[in-house]
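The values are calculated or read from the model by the stated rules, or taken from the named source; none is laboratory data. In this text the structure is predicted, and so the values were computed from the model without any measurement. So basically every Cβ, Gly included, is an ideal-geometry build from the backbone, and we count neighbours across all protein chains shown.
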Amino acid sequence: MPERPVDLTAALDWASSEVGSPVVSSEPLEGGLTSTMLALRHADDSESVLRLMTNEPWRTHGADLTARERDAQLVLADTDVPAPVTLGLDTVGAAAGVATHVMSRLRGARPTAVDDGTLEAMADVLTTIHAVRPPQPFRAFQSWAWQAKWVVPEWSRHPESWRRAFDVLDGPAPSYEPTFLHRDFGHHNLLWSDGAISGVVDWVETSTGPAWLDAAHAASNLAVAYDVERALAFLEAYADAAGARGDAYWLVMDVVGFLPPPGRPPMFGRPEQLERLDDWLHEVVAQAG
């Protein structure tokens, strides 16, 4: 059965109704690997953000993802974590044809540079996230390092490190204290204003799991976007802020999760990004012993 086309006009009408003020303008937001993200302005001069789960495979799971984001935002509303506020949810796509979530818009922009102060602020907000105690635990985290991905990439300069990584993951996972996780934490999901973090966005993967996995994912994203040195510096900052250091198993799991499923192209298209991912894997495998 063919997918129902996305009805953007109906989505904007729905958002107008949920917010309580007509949408007068919309513009796309950057990013959006899983979704179409639109910044909306309303007739009462308020602003909101509309998520439309348009992209597969996330579209198929849009009901669960958007409901999880809504639930996370409800939990975070009474905490010190600067998260959006949920304003309306259509999990079944009754209006637009896809799961849709409208939420408040937070002011700020993604960082243009990452220095020691940036890394320390990231570490501090991550410890604040991990201190959240929801009334009911969110789903157990899912590993993105599926066994089907355990194939040494042809572009690797460190094939033995990848083989060692797969051996590490083939062994038992270390024990951990169940913790509230963002699960896609990284500089790409942070907004900054006046030198401080003003928003943590994209809560569709919220989970319960090892705190070090959230830190690992942030480090991997820093390694790919910048370099190994900044990834290591973030882990040091997080370990200092949290007062604890995690097992390198979770670092390995996160890096392997960046490999594409069989038959699909790499997540990153630029050669230098693949080189940095390769170097990061080489580093974390060395830490795993």
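Per-residue answers, yes or no, for (1) surrounded by fewer than 21 Cβ atoms within 10 Å (Cβ to Cβ); (2) assigned to a loop (DSSP other than H, G, I, E, B); (3) in contact with a Lys or Arg (Cβ under 6 Å, 6 or more places away or on another chain); (4) of a type in the set (V, I, T):
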| residue | (1), (2), (3), (4) |
| --- | --- |
| D45 | yes, yes, no, no |
| N55 | yes, yes, no, no |
| T60 | yes, yes, no, yes |
| E69 | no, no, no, no |
| A72 | no, no, no, no |
| D78 | yes, yes, no, no |
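For F185, state whether it is assigned to a loop (DSSP other than H, G, I, E, B) and under 16 Å from the mean Cα position of the chain (by Cα). Yes.
May I ask you to verify whether G246 is surrounded by 19 or more Cβ atoms within 10 Å (Cβ to Cβ), over 16 Å from the mean Cα position of the chain (by Cα) and over 30 Å from T86 (Cβ atoms)? The answer is yes for G246.
Every condition in (1) in a helix (DSSP H, G or I); (2) among the aliphatic types (A, V, I, L, M); (3) in contact with a helix residue (DSSP H, G or I) (Cβ under 6 Å, 6 or more places away or on another chain) is met by A239 except one, and the failing one is (3). Scanning region 258-289 for residues that are farther than 16 Å from D167 by Cβ and small (G, A, S) turns up G263, G269. Being at pLDDT 95 or above and acidic (D, E), is that true of even one residue in region 48-62? Scanning region 48-62, I find no residue that is at pLDDT 95 or above and acidic (D, E), so the answer is no.
Does A223 fit the bill of being in contact with a Lys or Arg (Cβ under 6 Å, 6 or more places away or on another chain), within 30 Å of E272 (Cβ to Cβ) and of a type in the set (G, A, S)? It is true that A223 is in contact with a Lys or Arg (Cβ under 6 Å, 6 or more places away or on another chain), within 30 Å of E272 (Cβ to Cβ) and of a type in the set (G, A, S).
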